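Just below is one structure, and these are the notes that go with it.
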Amino acid sequence: MDAETFRRFGYQAVDWVADYMKRVEQLPVLPSVAPGDISRQLPDTAPEAGEPMEQMLADFEKIILPGVTHWNHPRFFAYFPANHSGPAILAEILSAGLGINGMVWQSCPAATELEEKMMEWLRRLLGLPESFKGTIQDTASTATLCALICARERLTEFATNAKGLQDQSGAGKLRIYTSEEAHSSIEKGVKIVGLGAENLVSVAVDSDRAMQPGDLEYKIHADLAQGHRPCAVVATVGTTSSTAIDPLRPLGEIADRFGLWLHVDAALAGSAAILPEKKWLIDGVEKAHSFVFNPHKWLFTNFDCSAFFCREPDTLIRSLTILPEYLKTSHDQQVTNYRDWGIQLGRRFRALKLWFVLRWFGAQGLRERLRAHLQMAQDFKTWVEEAPDFEILAPVPLQTICFRFNPSGTNAGNPPDEEELDVWNKDLLDAVNATGEVFMTHTRLENRFCLRLSVGQIQTQSKDVEHAWKLLQKSARKIYRSA
Ligand code: PLP
């Protein structure tokens, strides 16, 4: 494609995205397609001859768009936010245009130096300790995997990297501790680093669903008594189900006392630490050895962009370093080579979108948007609390509300049992999602099916949250009447 052809279609593509931002609200949030509907429209083999771009853009609209779940719809309330923004999209275009690979400083000095600076900007915005040095990973899952590798290598004095786990079979099992509410990426990480899912110890949570320090300590003692080797604690700030906050200070004190690596998974909630009134979320973070949060979740930076900080970058580098002849450069002693800070060798220029986002919105603009989301969540919580036929099922420290329809209080006859409530709430979720007007997901808390409303997309306004609430009430009453 020559530059002029690129320019012509480039303008069309940018126009398309600008129009999409304006009209996304009119599209159904969740596509009404069945499995296989998209695939059926695509040929089984790649075309032998090149095709015209006009046709490709038309097919994008005709085949792909109807199969898209619109994460950036103002009434996307499912899972967790993954929000985009104009400045991040523009930076992504520039990054794609440059097409660099920032594996080492020399392979793109600007990518490395901008990344160092952006991680420092983020560190200061969140108020993380000065000793924390950061890098951008693709996802929190990868960052947690790196943290677990560090913990394993630190405890085994880098022998596992050299000899593998088999060689230490007599030495007791390395144990990782995390709460019952931790994200599945912790278990996946434990499996990948070769420790075995059986050695992931589940620590009990309190009534707010936060990890109980007392139970952590108890389980460490029990493991030591059995000859195991406690290795790391993974704390969560903002659990996936209900945004519960593990107490970092007491957990850090325990980790310190037993010499364990403390990793903090703040994938969603970390962004909130840019708010002075939410700094309590990470109270005690100076005791952590590593910390991850995702600007691609709730800081208006297109997926993917995960900020990983490490208090002991030397342990990280030593755990992951590789130095084949063809990657050696004469600057290696003076510069950061991010290839040694993560799993992959090749690295995208992700710092560019952070730079654009942080400069476009400014810290103040970001804080205002997060505060607006938090306020919308509190408003929704109040409506649920005030409704006689709905109930809140977990505290709401952030932007996610866990609740359910429960007409027990309004029912003159027999109160519904838990099984009935589960069925009604599942039906309610299906009914509101089938309208295409909103998209919400669910979780289970104390074995109760509960609906989740997660606020955090860039275009979401109070009217959208109100819309969801009215739709839920109307649909719930319909289900109840027909029950
Ligand atoms: N940790 C928590 C607490 C999450 O909520 C999520 C989101 O799904 C993840 C980790 C995984 O994030 P990622 O998709 O960046 O690996």
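Across segment 448-465, the number of residues qualifying as in contact (Cβ under 8 Å) with a residue 12 or more places away in the chain, assigned to a helix (DSSP H, G or I) and closer than 17 Å to Val29 by Cβ comes to 2. Just one of (1) touching a strand residue (DSSP E or B) at 6+ places or on another chain (Cβ under 8 Å); (2) among the polar types (S, T, N, Q); (3) within 16 Å of the ligand (Cβ to nearest atom) fails for Ser141. It is (1). Does Gly214 satisfy the criteria of being more than 23 Å from the chain's Cα centre (by Cα), assigned to a helix (DSSP H, G or I) and not polar (S, T, N, Q)? Yes, satisfied. Residues in segment 158-188 that are under 20 Å from the mean Cα position of the chain (by Cα) and among the β-branched types (Val, Ile, Thr) were compared, and the one that is farthest from the ligand (Cβ to nearest atom) is Thr178. Taken as a whole, the condition of being farther than 21 Å from Gly259 by Cβ, exposed (fewer than 15 other Cβ atoms within 10 Å of the Cβ), in contact with a Lys or Arg (Cβ under 7 Å, 6 or more places away or on another chain) and without any contact (Cβ under 8 Å) to a residue 40 or more places away in the chain applies to Ala197. The C-beta contact set for segment 55-76 (first residue in contact (Cβ under 8 Å) with a residue 40 or more places away in the chain, second residue buried (at least 17 other Cβ atoms within 10 Å of the Cβ) and of a type in the set (Phe, Trp, Tyr), distance under 6 angstrom, 6+ apart or interchain) comprises Phe76/Phe439.
Considering segment 59-93, and only residues there that are crowded, with 17+ Cβ neighbours inside 10 Å and of a type in the set (Gly, Ala, Ser), the residue that is farthest from the chain's Cα centre (by Cα) turns out to be Ala91. For segment 225-284, the set of residues classified as surrounded by fewer than 23 Cβ atoms within 10 Å (Cβ to Cβ) and either closer than 15 Å to Gln212 by Cβ or in contact with an Asp or Glu (Cβ under 9 Å, 6 or more places away or on another chain) (or both) consists of Arg229, Thr240, Ser241, Pro247, Arg249, Pro250, Glu253, Ile254, Arg257, Phe258, Gly284, listed by residue number.
Of all the residues that make up segment 62-93, how many are within 17 Å of Thr400 (Cβ to Cβ), more than 15 Å from the ligand (Cβ to nearest atom) and touching a Phe, Trp or Tyr at 6+ places or on another chain (Cβ under 6 Å)? Qualifying residue count for the region: 0. Of all residues in segment 144-157, those satisfying the criterion of being under 29 Å from the mean Cα position of the chain (by Cα) and either within 11 Å of the ligand (Cβ to nearest atom) or surrounded by fewer than 18 Cβ atoms within 10 Å (Cβ to Cβ) (or both) are Thr144, Leu145. Taken over segment 135-173, the residue count meeting the criterion of being closer than 30 Å to Cys305 by Cα and not polar (S, T, N, Q) is 16. Any residue at all in segment 435-454 that is over 30 Å from Arg367 (Cβ atoms) and over 26 Å from the mean Cα position of the chain (by Cα)? Yes, segment 435-454 contains a residue that is over 30 Å from Arg367 (Cβ atoms) and over 26 Å from the mean Cα position of the chain (by Cα).
All conditions in (1) of a type outside the set (Asp, Glu); (2) surrounded by fewer than 19 Cβ atoms within 10 Å (Cβ to Cβ); (3) under 19 Å from the mean Cα position of the chain (by Cα); (4) within 16 Å of the ligand (Cβ to nearest atom) hold for Lys191, with the sole exception of (3). Of all residues in segment 220-236, those that are more than 16 Å from the ligand (Cβ to nearest atom) have Cβ atoms under 6 Å from Cβ atoms of residues that are of a type in the set (Asp, Glu) and not in a strand (DSSP E or B), 6 or more apart or on another chain, in Pro230/Asp223. Residues considered: Arg350, Arg311. Of these, the only one that is of a type in the set (Lys, Arg) and closer than 30 Å to Arg452 by Cβ is Arg350.
Strands (runs of 3 or more DSSP E) fully within segment 251-341 that include at least 2 residues being within 23 Å of the chain's Cα centre (by Cα), away from the ligand (no atom under 13 Å from the Cβ) and closer than 21 Å to Glu130 by Cα: 261-265, 306-310.
No lab work stands behind these numbers, since they all come straight from the coordinates. What you are looking at is a predicted structure, and each value in this text was computed from that prediction instead of being measured. As a convention, Cβ positions derive from the backbone with ideal geometry for all residues, glycine included, and neighbour counts pool all protein chains shown.
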